[in-house]
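Enquirer: Got a structure here, written out as structure tokens. Questions coming.
The numbers here are math on the coordinates, done by the rules we state, and not lab data. None of these values were measured; they are calculated from a predicted model. No Cβ is skipped: glycine too gets one built from the backbone with ideal geometry, and neighbour counts run over all protein chains shown.
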Amino acid sequence: MKITIKVDSDLCIGAGSCVAVDSNSFELNEENKAYVLDHGQAPEPATYERTVEVTPEELDRALLAAQSCPVLAVTITDENGKQLYPEI
Ligand code: SF4
């Protein structure tokens, strides 16, 4: 399935927990903000939002990473636009 991972860079405080949990999807930039990777790769331009194809295991990992963010800066939506996290 495809999901869209988005980091709100205004909220991100660079705590790095998302990177620690899912380094395939997140990396910190020089501003100490998490941007979104595609399976460990950062196709140019580096962006705070990216749509990626994931396995169920990869989705779980991305959801865990989003849940680990202390400031709820990570949003994950599915390919139909349904927000998977945070739950609404
Ligand atoms: S866990 Fe949240 S605050 Fe920390 S780097 Fe990731 S997005 Fe930013």
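Enquirer: Among the residues of the range 55-88, how many are aliphatic (A, V, I, L, M), more than 21 Å from Gly14 (Cβ to Cβ) and either within 12 Å of the ligand (Cβ to nearest atom) or surrounded by 11 or more Cβ atoms within 10 Å (Cβ to Cβ) (or both)?
Expert: Of the residues in the range 55-88, 2 are aliphatic (A, V, I, L, M), more than 21 Å from Gly14 (Cβ to Cβ) and either within 12 Å of the ligand (Cβ to nearest atom) or surrounded by 11 or more Cβ atoms within 10 Å (Cβ to Cβ) (or both).
Enquirer: When you look at Val52, is it touching a residue at least 24 places away in the same chain (Cβ under 8 Å), within 12 Å of the ligand (Cβ to nearest atom) and not basic (Lys, Arg), yes or no?
Expert: Answer is no for this residue.
Enquirer: Please go through the range 1-37 and give me each residue that is within 11 Å of Ala62 (Cβ to Cβ) and within 9 Å of the ligand (Cβ to nearest atom), ordered by number.
Expert: Across the range 1-37, the qualifying residues are Cys18, Val21, Phe26.
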